[in-house]
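Worksheet: the structure to be examined is printed underneath.
The values are calculated or read from the model by the stated rules, or taken from the named source; none is laboratory data. Keep in mind that what you see is a predicted model, and the values were worked out from it rather than measured. No Cβ is skipped: glycine too gets one built from the backbone with ideal geometry, and neighbour counts run over all protein chains shown. The protein model used for the area step is the full one, side chains on, heavy atoms only, and it has no ligands, DNA or RNA in it. Shrake-Rupley method; radii C 1.70, N 1.55, O 1.52, S 1.80 Å.
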Amino acid sequence: MVAAVDHETHREEEHAIRLSIIGMRCAGCVKTVENALKGVSGVKAVNVNFADHSAVVEGDADPQVLRAALQEAGYDAAVMESFEDLEAQEKMEEERYRSLLRKSAVAAAWGVPLMIGGWLDWWPAIGTPAGSNFWAIVSLITFGVMYYSGGHFFSGALKSLRGGAANMDTLIAMGTGSAWLYSTIVVDFADVLPPEATHPYFEAAVIIIAFVALGGALETRARGKASSAIRKLIGLQPRTARVIRNGKELDVPIEQVGVEEILRVRPGEKIPVDGVIIEGHSSVDESMITGESIPVEKTVGDEVIGGTLNQRGTFLMKATRIGKDTVLAHIIDSVRQAQSSKPEIGRMVDQIAAVFVPVVVGIAAFTFFVWWAFGPQPSLGYAFVTSMTVLVIACPCALGLATPISIMVAVGRAAQSGILIRNGDAFQTAGQVTTIVLDKTGTVTEGKPRVTAVDPSSGWTEDLVLQLAASVEAGSEHPLAGAIVAEATDRGYELRPVTGFESVTGKGVRAKLDGQRILFGNLALMESEGIDCSEIIKLLDHYAGQGQTPMILVVEKKVAGIIAVADTIKPDSKEAIRQLREMGVKVWMVTGDNEKTARAIAKEAGVNEVRAQVMPEDKAKVVKELQAKGEIVAMVGDGINDAPALAQANVGFAIGTGTDIAIESGDIVIMQGSLLKVPETMKLSQATVRNIKQNLLGAFIYNISAIPVAAGLLYPFFGLLLNPMIAGAAMAMSSVTVVTNANRLRYIKL
């Protein structure tokens, strides 16, 4: 059932539309964009990520209809369908960065001299004939500068208000627009206003815009660094491939490569698509897929992954997966989904940010009326300055960036280490895990068992026992069966045909060979079949005590012999388990193997708690039992047989190799077989949650402390008021600080 659900989920995700949102400038935009997209017929779910200005829309909606809905709400979008789209998005972001720098420079070039001249008393006084002409010209030039450098704030504010929402544009437009309007009124009506209220704020309006534009440029550049992992992954995809067609070698665009085409890969080239080597051999650097720096030797029959780097040799390969079906494409898609996913803490912040702007506008209005009614003269001037400062300083950008930017950087950092995070909530939970349940075969051990002993009973030969066992097991896909068949093949035995083959899950197999009924499996199978094994119990215990798995061959209800198979522990399993225990995590091993073998492996690996002879479907029950005791449980398995347990666990780690892994089975996928990646993921999760809390704490402290100060709380006690220009700089720098702090995760040592 779980596998079916996973398949269905994957099917829906394949129809998801990824949009690059144009015009998002603050966390308040998230809710507006989500509501606009959800209002389109056919949309099932929407996930908007403020950190990279993207949205993932699931359903059957037309992309152009989605774009039209966003345009109506004051935004725009580009559909991200291919690798080339990312390049287009990068160019767009680079142009946005340069445009914001230009706008900031123009605003500063006008505002700074205006401010310095005011400090040095260079300008003529308002109300004088010279002053009236001078300040009228200043008003017009300031309007032009505001139109060029800050016009997008005003147009964005109007569009969002038409959509019944408010965002950062609303605050900036109201603050700077009212500064210009008030100053212009002062110039035109200086003779009817009190002298104390005739101070212009033209320089404040343009310098605020200069600071906000500069902050937006720096934030855009920092966001680009945060998404560097995706760019590196996409950069792995070669643009061309050398295809052999009609006996000739041709260089063709990667999009023109077909399934089962023959390709040549030369030394130093990137492997174009997923495939199988059919001629030649080489060593391949798979570090960007698996995180493992040591090159992997490849020869005929071995699978190769598109995007990995061929090193020494040259070989021919047959393409098996192309385009969006390749491992690299799935990894990129999964990383994007994870970077766009919102853990619980992020969803809570989005809800706060959605109501934050209207609340700030209310606070600004309240501040204005309090100062106007009760403030010292000129009360109107004080009311204007304080309310404008509140509007400018209170933008919730830093608040909205706090969670998604950290998740985005952490997911990219994990991908570079061969850890594929697919679920934001699970990643947040990974650092809180109290108990880890490990599968044995392929997780703690190599998963490549080999025959260590063939022990025939009286009247039987070693050769015949192994030949019969291998003949029966030839129809099984179990790793132990593969070891027995491989051993028989290596010895040159001919496998004989069997009939009535039947696999008994967790126990062994039944079949008929030359009319004789044969059983091959563990003691549980023999007991269920009523076979007397009392004479070999001690022998079974002996093998099991050495960490080997003994299997019994029975022909016509008589024991013919024992074959022992051993699976060695991975070199780094002991170290990984030691690290987990040092972190205070309880480590369990749950396996279908017999009790003694399981305990021998567990002892060698350093695992204290063992559950043996557990059927695959019962592993989920073990996880459930631990959860019932209040444990936060992570399950680590191969992603296929352990799917129910992976689904039941609070966090599911699917472990395996880059090509064979069932990416849809786990919340977190380890692209190589190293258990060390589990504590690494937990440490990264803990560091990420700390980083998010630092960002949120900083953003909350900034907003909670800045708004009262901006409103004039310190004035009655110290005579201090916050300058609106300083407020603009503080607001811009708060977002840059959050993004910079998140980028520290790129360099964390795991």
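Details
- Estimated at the nearest 10 Å², the accessible area of GLU604 is 100 Å² with a 1.4 Å probe.
- Taking amide H as placed 1.01 Å from N in the peptide plane, SER54 has its amide H under 5 Å from the amide H of ILE21, ASN49, each at least 5 places away in sequence or on another chain.
- Pairs from the list LYS270/LYS440; LYS603/LYS683; LYS31/LYS324; LYS91/LYS677; LYS44/LYS624 with a Cα-Cα gap above 29 Å: LYS270/LYS440; LYS31/LYS324; LYS91/LYS677; LYS44/LYS624.
- Full extension of the chain between ALA109 and PHE143 gives 10.8 nm of extra length, using 0.36 nm per residue less the Cα-Cα distance.
- Computed over the alpha-carbon atoms, region 558-618 gives an Rg to Rh ratio of 1.07, Rh here being the Kirkwood radius from the mean inverse distance.
- Solvent-accessible surface ranking, highest first, for GLU249, GLU203 at 1.4 angstrom: GLU249, GLU203
- Extension gain (nm, one decimal) between LYS557 and LYS603, 0.36 nm per residue minus Cα-Cα: 13.1 nm
- Gain in span if fully extended, PHE717 to ARG98, counting 0.36 nm per residue against the direct Cα distance: 218.5 nm
- Heavy-atom SASA rank of TYR715, TYR201, TYR75 (probe 1.4 Å, accessible area, largest first): TYR715, TYR201, TYR75
- Rolling a 1.4 Å probe over the protein heavy atoms leaves HIS542 with an accessible area of roughly 90 Å².
- Cα gyration tensor, region 583-640 - rounded (a/c under 1.5), prolate or oblate: oblate
- Largest first, the residues ASP642, ASP490 sort by 1.4 Å accessible area into ASP490, ASP642.
- Taken per residue, the accessible surface of region 585-655 reaches 40 Å², heavy atoms only and a 1.4 Å probe.
- In Å², nearest 10: area of MET174 left accessible to a 1.4 Å probe: 80 Å²
- Only Cα pairs under 8 Å and 6+ residues apart enter the sum, and on that basis the relative contact order of region 532-661 stands at 17 percent.
- Under the combined filter of DSSP loop state and at most 10 neighbouring Cβ atoms within 10 Å, region 486-515 retains these GluC sites (Glu not before Pro): GLU494.
- Net charge of the neighbourhood of GLY268, taken over other residues with C-beta under 12 Å away and scored Lys/Arg +1, Asp/Glu -1, is +1.
- Carbon plus sulfur fraction of accessible area for region 526-685, probe 1.4 Å, in percent: 47 percent
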